[in-house]
Amino acid sequence: MKSVKRICAVLCGIVLLLAGLLKLMDPLGASLVVGEYYNYLHLGFLAPTSKIVAAALALLESVTGIALITGVRPKITAIVSGVLLGAFTILTLVLWIDNPKMDCGCFGEAIHLTHFQSFIKNVVLCALWAVAFLPLKKVWEPVSVKKVSFSIALISVVAFLVYSWMHIPAMDFTPFKPGSILMQAQEQPSPDSPLLSISSADGEYQDEMLATGRHLLLTAYDPEKLSDQELDKLREYGGTLSGSDALQPVYIAAGEFPSIDGAFSADRRTLMTVNRSNGGATLLSDGMVIAKWPLRSLPDREKLEALAGQDGAAAVSQENTPRRLKLQGFLLYLFAVILLL
């Protein structure tokens, strides 16, 4: 019976850990989901806290998952995980009944579930939790408690959050992920294809401009939050590309781009999906998204021209495969620490 209880606890832990890590990888995306919950619950005044709350909840999910897998502090872990799963179940039940047009955000952008699927998933996890820990008075101490594994994994997850907070996601699951083709660049546009609609200062839409040629989009979803130094960096960076025959810098902001002549405007939420960095760069080739970079690590001109001169699929693979491998390496390391130490 103890083996069955332990297996159920580990299964709950794996789901919570994966759900937490997928949100930790993309704190801004997670904050958008929290913002939707705020609006649904009529708590829009809390919007400024959405990113911190999203990161804290994702970290709590991850740490709870690690604790369930490693078996540390079983009674405390049982209570915390039970409260979490119970709250998630009640919330997804309300969403299933009311059926608002929003995503539950259970697994970030990686996996999208319907409200019914989210509710069933949480019911199954609650059932596993019940088998693992009820009755609470008789919660047992596992034979092998991996306190060292828990400590190393905890430090690793916190470091992963800090890294993700300062960079764009290592793997992009949004509609504008590398390799996707803009709707305006397709001969027979699919309704599921991403559309980046931009307009000039006089209000004329210039969507077709992005369908052909090589463009480096320099985007800011909150331009007013960019410092003078960051604005200067973007201006100077765009200036280094202005003489390039292979690339055309395109400034796009939600609203007005301060001190940038000829900038375009676009929807704020769309720009946050195009590039998670406020002031980030996104390379397009004939309407295909090639790669993205945050403001703190913009690529040099030689690298951009080399990517722009390649076939689209080859350029996507060259620039994005190393990032994906690093993420996969981190996940393998984390699970090896948890399961093997």
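FYI, it's all coordinate maths here, none of it is from the lab. The model shown is predicted, which means the values in this text are computed figures rather than measured ones. Note that we place each Cβ from the backbone using ideal geometry, even for glycine, and neighbour counts take in every protein chain shown.
Odds and ends about this structure:
- Distance violations [Cα-Cα > 21 Å] among Lys23/Lys326; Lys233/Lys292; Lys51/Lys233; Lys177/Lys225: Lys51/Lys233; Lys177/Lys225
- Mean residue ellipticity at 222 nm, helices only, the chain: -18000 deg cm²/dmol; runs of at least 4 DSSP H residues each add -39,500 (n - 2.57), and the sum is divided by the number of residues.
- Between Phe330, Leu241, Ile52, the Cα set farthest toward the positive side of the dipole of the chain (charges on each charged residue's Cβ, about the Cα centre) is that of Phe330.
- Residue-count net charge about Asp228 - beta-carbon cut-off 13 Å; Lys, Arg +1, Asp, Glu -1: -1
- J(HN,Hα) series, the stretch 324-337, from Karplus relation 6.51 cos²θ - 1.76 cosθ + 1.60, nearest Hz, glycine and proline x: 5, 5, 5, 5, 4, x, 5, 5, 4, 4, 5, 6, 5, 4
- The stretch 2-166, relative contact order in percent, only Cα pairs under 8 angstrom and at least six apart counted: 35 percent
- When peptides 222-228, 184-190 are sorted by average Cβ neighbour count within 10 Å, with the highest value leading, the order is 222-228, 184-190.
- Computed log₁₀ I(q)/I(0) - Debye formula, equal Cα scatterers, no solvent, the stretch 2-166, q 0.08 Å⁻¹: -0.24
- Environment charge of Gln310, counting only residues whose C-beta is closer than 14 Å and scoring Lys/Arg +1, Asp/Glu -1: -3
- Karplus 3J(HN,Hα) series, Hz, for the stretch 288-305 with 6.51 cos²θ - 1.76 cosθ + 1.60 (x for Gly, Pro): 8, 6, 8, 6, 9, 9, x, 4, 6, 9, 5, x, 7, 4, 4, 5, 5, 5
- Karplus (6.51, -1.76, 1.60) ³J(HN,Hα), θ = phi - 60°, over the stretch 79-85, in Hz, Gly and Pro reported as x: 5, 5, 5, x, 5, 4, 5
- Cα gyration tensor, the stretch 59-109 - rounded (a/c under 1.5), prolate or oblate: oblate
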